[in-house]
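Notes follow once the structure below has been shown.
The values are calculated or read from the model by the stated rules, or taken from the named source; none is laboratory data. Given the structure is predicted, the values throughout are model-derived calculations rather than measurements. Cβ coordinates were reconstructed from backbone atoms using ideal geometry, including for glycine residues, and neighbour counts include every protein chain displayed. Surface accessibility is based on the protein's heavy atoms, side chains included, excluding ligands, DNA and RNA. Shrake-Rupley method; radii C 1.70, N 1.55, O 1.52, S 1.80 Å.
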Amino acid sequence: MKATKPFKGVEDGEIYPTEFEVGDEIPPELEAAAVELGAADAKKAPAKST
């Protein structure tokens, strides 16, 4: 998941926040927070094949 807006987040095992810029890859542990803040789009479900 990539950031659509800049935001700060603390990655697992770190004590200081990282500034994520537009286009930066968001670590899995911060994806939910980024979506809630509006800094990333929620993942879309894969299309079902018929």
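Karplus-based coupling profile of the range 33-39, in residue order and whole Hz: 5, 5, 5, 4, 7, x, 9, with θ = phi - 60° in 6.51 cos²θ - 1.76 cosθ + 1.60 and x standing for Gly or Pro. Per-residue Karplus couplings for the range 3-17, computed as 6.51 cos²θ - 1.76 cosθ + 1.60 with θ equal to phi - 60°, are listed in order as 6, 9, 9, x, 7, 10, x, 9, 6, 3, x, 9, 10, 10, x Hz, Gly and Pro entered as x. Of the accessible area of the chain, computed with a 1.4 Å probe over protein heavy atoms only, carbon and sulfur atoms account for 54 percent. Measuring only protein heavy atoms, the 1.4 Å probe finds Val10 accessible over about 70 Å². Ligands, DNA and RNA excluded, the heavy atoms of Leu30 present near 20 Å² of accessible surface to a 1.4 Å solvent probe. In this simple spin-label approximation, Thr4 and Tyr16 carry label points 7 Å from Cα along the Cα→Cβ vector, and these lie 3.1 nm apart.
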